[in-house]
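The values are calculated or read from the model by the stated rules, or taken from the named source; none is laboratory data. What you see is a predicted model; the values in this text were computed from it and never measured. Quick reminder, even Gly has a Cβ in these numbers, built from the backbone with ideal geometry, and neighbours come from all protein chains shown.
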Amino acid sequence: MEKTRKNELLPAFVAEHLLVTIVTAGLLVFAGWITSETMVEEPEVTELTISEALSTPSPSPQTVFPDLSLAETVGERKRTFLDFIQDYVDEQNHLITLDRLRLIAMDGTLRNGGALTASSRDWLLDIAARYEVAETDYGTRQAWLDELLFRVDIVPTSLALAQAANESAWGTSRFVREGNNVFGQWCFDPGCGIVPAQRRSGATHEVRSFATLHDAMEAYFLNINTHHSYQFFRELRQTMKLQQRELDSLVLAFGLNRYSQRGRNYVDELQTIIVQNDLTARDGDYATAIGMLN
């Protein structure tokens, strides 16, 4: 990626974060990016909003991984891979958005003094368990809901595709072929996955195996939205949404610095893949319609 191009796209606070992360009472200070005048509230979610979201069909991914060897050019191979994986990414973002809309509606009910139905309460407990947000860890129900809204949110299509391309060598790695693992996720129980051929002496990790690509995709989204290593990613995402900005995958990539041992070099790789393959153009197909809802 050209330095001039990257500098145009990345706010000044990102460069500063590379030196130090400033977190005070859960609020990031980003070189003046956040001010009291620019903060906005979550928009009201109405029955019409939810109805429109529910009426939008969820993507239906193909179940058979395409034979990339049939592609006649590198460009065709990349497009085939991206098109195939994007359906899975969009499917997850669609489901997450529906969950988020329901959470926002419940949040509004409680803020207005209302009560949740038994079924709504059960659903809330289920999603809290899935996203590892125990109610007992928070002083108030509102703080609990705020943390859920902080986690239950989308990953921009462009960023997820860049990670899939990077981690799977554009769909050609044996971890994809043998374990449906396109995001290089690790596990640590013996037999939980595939032992890397070049695993260093004394290491115990394996590359996790999944029964289906859908399972791998679901695990990836949960990982990004729950693991402490990606807290900064979630803070960046929340800040953009509070300011009603579209999610910028080139900036959000800095929040994945700890996804790989390559650190900053890994971030550079993701940004390069996004720019060189014009992946942000794929965000508009889905994310701006539903996935970008606050």
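What the table shows:
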{"quantity": "Subset of the range 60-118 (residues that are of a type in the set (V, I, T), closer than 30 Å to V176 by Cα and part of a helix (DSSP H, G or I))", "calculated": "V74, T80, I85, V89, I96, T97"}
{"quantity": "Complete set of residues in the range 237-259 that are free of Cβ contacts under 8 Å to residues at least 60 places away in the same chain and surrounded by 17 or more Cβ atoms within 10 Å (Cβ to Cβ)", "calculated": "M240, G255, N257"}
{"quantity": "Qualifying positions in the range 218-258 - touching a Leu at 6+ places or on another chain (Cβ under 9 Å) and either polar (S, T, N, Q) or outside any helix (DSSP H, G or I) (or both)", "calculated": "S229, Q238, T239, L247, D248, S249, N257"}
{"quantity": "Matching residues in the range 173-195 - criterion: being among the small types (G, A, S), part of a loop (DSSP other than H, G, I, E, B) and over 21 Å from H227 (Cα atoms)", "calculated": "S173, G191"}
{"quantity": "Flag if F221 is within 19 Å of I96 (Cβ to Cβ) and free of Cβ contacts under 8 Å to residues at least 24 places away in the same chain", "calculated": "no"}
{"quantity": "Hey, V176 under 21 Å from the mean Cα position of the chain (by Cα), closer than 29 Å to F81 by Cα and among the β-branched types (V, I, T) or not", "calculated": "yes"}
{"quantity": "Criterion violated by S158 - all others in (1) at pLDDT 95 or above; (2) among the hydroxyl-bearing types (S, T, Y); (3) out of contact with any Leu (no Cβ under 6 Å at 6 or more places or on another chain) satisfied", "calculated": "(3)"}
{"quantity": "Count of residues meeting criterion [touching a Gly at 6+ places or on another chain (Cβ under 7 Å) and not acidic (D, E)] in the range 183-210", "calculated": "7"}
{"quantity": "Count - residues of the range 147-172 that are of a type in the set (D, E), in a helix (DSSP H, G or I) and in contact (Cβ under 8 Å) with a residue 40 or more places away in the chain", "calculated": "0"}
{"quantity": "Qualifying residue in the range 263-275 (condition: at pLDDT 95 or above, out of contact with any His (no Cβ under 6 Å at 6 or more places or on another chain), surrounded by fewer than 18 Cβ atoms within 10 Å (Cβ to Cβ) and not charged (D, E, K, R))", "calculated": "yes"}
{"quantity": "Residue that is surrounded by the most Cβ atoms within 10 Å (Cβ to Cβ) [pool: residues in the range 181-206 that are among the hydrophobic types (A, V, I, L, M, F, W, C) and farther than 16 Å from R262 by Cβ]", "calculated": "V182"}
{"quantity": "Conditions (1) more than 25 Å from I127 (Cα to Cα); (2) of a type in the set (S, T, N, Q); (3) at pLDDT 95 or above; number of the one not met by S229", "calculated": "(1)"}
{"quantity": "Of residues in the range 72-118 being closer than 16 Å to W144 by Cβ and without any contact (Cβ under 8 Å) to a residue 40 or more places away in the chain, the one surrounded by the fewest Cβ atoms within 10 Å (Cβ to Cβ)", "calculated": "A115"}
{"quantity": "Leading residue by the ranking (surrounded by the fewest Cβ atoms within 10 Å (Cβ to Cβ)) among those in the range 126-143 that are part of a helix (DSSP H, G or I) and modelled with pLDDT under 95", "calculated": "T136"}
{"quantity": "Qualifying residue in the range 138-146 (condition: free of Cβ contacts under 8 Å to residues at least 12 places away in the same chain and either touching a Pro at 6+ places or on another chain (Cβ under 8 Å) or among the polar types (S, T, N, Q) (or both))", "calculated": "yes"}
